[in-house]
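**Q** Shown below is the structure under consideration.
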Amino acid sequence: MARVREIPSRNEQLALEPTISAAHRAELAKGAAEWDAYAFFDAHETWEEIWQVERRTIRSFYQGLILLAAGLHHWTGTHRPRGVRIKLASGIERLAPYAPSYLGVDVSTMIGDAAALLRQAPDHPAVLANTPLDRFPPFRWAVTDGGALGALRVRRLRAAAQLPTRGSELASGLDLHAELSELGGSCNLTQTPQAVPTGIACAPPPGCEIQIRPRSGLWRRGVEIGWGTVDADYRGELLVSMSVRDPSGDGYRIEQGDRIAQLVVAPVVLAPVVEVDILDETTRGAGGFGSTGR
């Protein structure tokens with residue numbers, strides 16, 4: 001892998017950040033998920049695909065991540081102590097100018113984790129090979145950044161669609177609005193659940209998912225909302241499953257622009273699945289649903 005000699009200034013980095021394509025952001029997140037599954041070689045390959053086509057100076061950011069992943073692959077896969085030391089040290093050097101964060105990545109913590117591993121790296125291949133996987137830190141997202149790095153990106157699919165709105169400054173949920181221009185401007189809810197369109201598609205910040213939750217005002221009126229999880233890689237229209245509880249009622253009418261549900265952005269852990277022979281014991285044990293109380 002060729003060495004990139006030019007490192008962009010912080011101002012140059014931030015100026016280029018909004019130009020990063022959605023496809024490259026998705027590949028960045030894919031590599032992070034592979035990292036969290038301890039598939040460090042796969043993460044290396046995923047990020048190298050971005051690095052190969054990105055010709056601007058910020059390609060050194062991807063190179064830093066690639067080098068860290070290569071170092072951990074030498075630790076867990078090829079068991080080469082020298083490779084571990086060289087790759088981790090080079091990755092730290094490449095990422096340092098991008099601290100504290102870039103493209104939603106908590107660069108400072110990534111560097112700190114890598115430096116700690118570098119100090120503790122064994123000198124014998126057999127010791128590398130016997131290192132438990134839970135020794136390696138997760139990929140670090142700056143999900144609490146609060147600025148553009150942690151933005152919910154929203155695309156209007158139809159002109160009449162409304163962006164999600166926050167009812168108060170500290171409200172955790174954003175109100176979703178019905179977009180019924182293709183349904184005559186209104187729809188009548190019944191006991192049979194129906195998908196009410198919002199006219200928008202969303203991409204959550206890296207390391208997050210979207211949750212669809214009921215609004216208390218509609219619940220008091222007998223309207224049910226289907227709680228849902230929207231995966232980070234879904235780019236279709238957000239649809240809200242809605243129905244009414246009362247079988248004797250006349251239904252409930254939804255009008256264009258009505259607030260119909262809440263959208264909550266929540267962090268998610270992409271935990272790997274590891275088969276084990278025994279689980280740790282707890283007081284509850286095998287007690288089922290309802291076993292912790294009446």
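The values are calculated or read from the model by the stated rules, or taken from the named source; none is laboratory data. Since the structure is predicted, the reported quantities are computational estimates derived from the model, not experimental observations. With ideal geometry, Cβ positions are generated from the backbone for all residues, glycine too; neighbour counts draw on all protein chains shown.
**Q** Among the residues in segment 201-213, are any closer than 20 Å to ARG253 by Cβ, surrounded by fewer than 18 Cβ atoms within 10 Å (Cβ to Cβ) and modelled with pLDDT of 90 or more?
**A** Restricting attention to segment 201-213, the residues satisfying the condition of being closer than 20 Å to ARG253 by Cβ are none.
Looking through segment 201-213, none of the residues is closer than 20 Å to ARG253 by Cβ, surrounded by fewer than 18 Cβ atoms within 10 Å (Cβ to Cβ) and modelled with pLDDT of 90 or more.
One line per residue, one yes/no per condition, for (1) exposed (fewer than 12 other Cβ atoms within 10 Å of the Cβ); (2) in contact (Cβ under 8 Å) with a residue 60 or more places away in the chain:
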| site | (1), (2) |
| --- | --- |
| TYR102 | no, yes |
| ALA115 | no, no |
| LEU128 | no, no |
| VAL154 | no, no |
| ALA161 | no, no |
| SER168 | yes, no |
| LEU174 | no, yes |
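**Q** Restricting to segment 231-261, give me the number of residues that are among the hydrophobic types (A, V, I, L, M, F, W, C), out of contact with any Phe, Trp or Tyr (no Cβ under 9 Å at 6 or more places or on another chain) and over 11 Å from THR198 (Cβ atoms).
**A** Our first condition is that a residue be among the hydrophobic types (A, V, I, L, M, F, W, C); within segment 231-261, this holds for 232, 238-240, 242, 244, 254, 260-261.
So of that shortlist, the ones also out of contact with any Phe, Trp or Tyr (no Cβ under 9 Å at 6 or more places or on another chain) come out as 232, 238-240, 254, 260-261.
When the remaining residues are screened for being over 11 Å from THR198 (Cβ atoms), the result is 232, 254.
Count: 2.
**Q** With respect to ASP246, determine if the residue is within 20 Å of ARG156 (Cα to Cα) and either among the charged types (D, E, K, R) or assigned to a helix (DSSP H, G or I) (or both). Break it down stepwise before answering.
**A** Details: within 20 Å of ARG156 (Cα to Cα): no; either among the charged types (D, E, K, R) or assigned to a helix (DSSP H, G or I) (or both): yes.
For ASP246, the condition - within 20 Å of ARG156 (Cα to Cα) and either among the charged types (D, E, K, R) or assigned to a helix (DSSP H, G or I) (or both) - is not met.
**Q** If you go through segment 10-41 one residue at a time, how many are closer than 25 Å to PRO272 by Cβ and either in a loop (DSSP other than H, G, I, E, B) or modelled with pLDDT of 95 or more (or both)?
**A** 5
**Q** Among the residues in segment 104-113, are any touching a strand residue (DSSP E or B) at 6+ places or on another chain (Cβ under 7 Å), of a type outside the set (S, T, N, Q) and part of a strand (DSSP E or B)? Walk me through it before giving the result.
**A** Kept after step one, since they are touching a strand residue (DSSP E or B) at 6+ places or on another chain (Cβ under 7 Å), are these residues of segment 104-113: 104-106.
Now drop any that are not of a type outside the set (S, T, N, Q), which leaves 104-106.
Of the ones still in play, those that are also part of a strand (DSSP E or B) are 105.
Yes, segment 104-113 contains a residue that is touching a strand residue (DSSP E or B) at 6+ places or on another chain (Cβ under 7 Å), of a type outside the set (S, T, N, Q) and part of a strand (DSSP E or B).
**Q** Next question. Can you confirm whether TRP75 is assigned by TED's automatic domain parsing to the domain that holds ASP113, at pLDDT 95 or above, touching a helix residue (DSSP H, G or I) at 6+ places or on another chain (Cβ under 6 Å) and over 22 Å from PRO125 (Cα atoms)?
**A** Working: assigned by TED's automatic domain parsing to the domain that holds ASP113: yes; at pLDDT 95 or above: yes; touching a helix residue (DSSP H, G or I) at 6+ places or on another chain (Cβ under 6 Å): yes; over 22 Å from PRO125 (Cα atoms): no.
Taking the combined requirement at face value, the residue does not satisfy it.
**Q** While we're on this one: Name the residue that is nearest to LEU133 (Cα to Cα), counting only residues in segment 43-81 that are β-branched (Val, Ile, Thr) and outside any helix (DSSP H, G or I).
**A** We begin by selecting, within segment 43-81, every residue β-branched (Val, Ile, Thr); these are 46, 50, 53, 57-58, 66, 76, 78.
Pick out the ones that are also outside any helix (DSSP H, G or I) and you get 57-58.
Values: THR57: 34, ILE58: 31 Å.
Once the filter is applied, the top-ranked residue is ILE58.
Per-residue answers, yes or no, for (1) assigned to a strand (DSSP E or B); (2) polar (S, T, N, Q); (3) closer than 28 Å to ASP36 by Cα; (4) touching a helix residue (DSSP H, G or I) at 6+ places or on another chain (Cβ under 6 Å):
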{"residue": "ILE212", "(1), (2), (3), (4)": "yes, no, yes, no"}
{"residue": "ARG235", "(1), (2), (3), (4)": "no, no, yes, no"}
{"residue": "GLY257", "(1), (2), (3), (4)": "no, no, no, no"}
{"residue": "LEU263", "(1), (2), (3), (4)": "yes, no, yes, no"}
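**Q** Tell me, which residue of segment 86-137 that is of a type in the set (Ser, Thr, Tyr) and over 22 Å from the mean Cα position of the chain (by Cα) is nearest to TYR38 (Cα to Cα)? I'd like the intermediate steps shown before the answer.
**A** Of all residues in segment 86-137, those of a type in the set (Ser, Thr, Tyr) come to 90, 98, 101-102, 108-109, 131.
Those still in the list that are over 22 Å from the mean Cα position of the chain (by Cα) too: 90, 131.
Working: SER90: 20, THR131: 12 Å.
Here the answer is THR131.
**Q** Now, a different point. What number goes with the only condition from (1) touching a Gly at 6+ places or on another chain (Cβ under 8 Å); (2) surrounded by 12 or more Cβ atoms within 10 Å (Cβ to Cβ) that GLU255 does not pass?
**A** (2)
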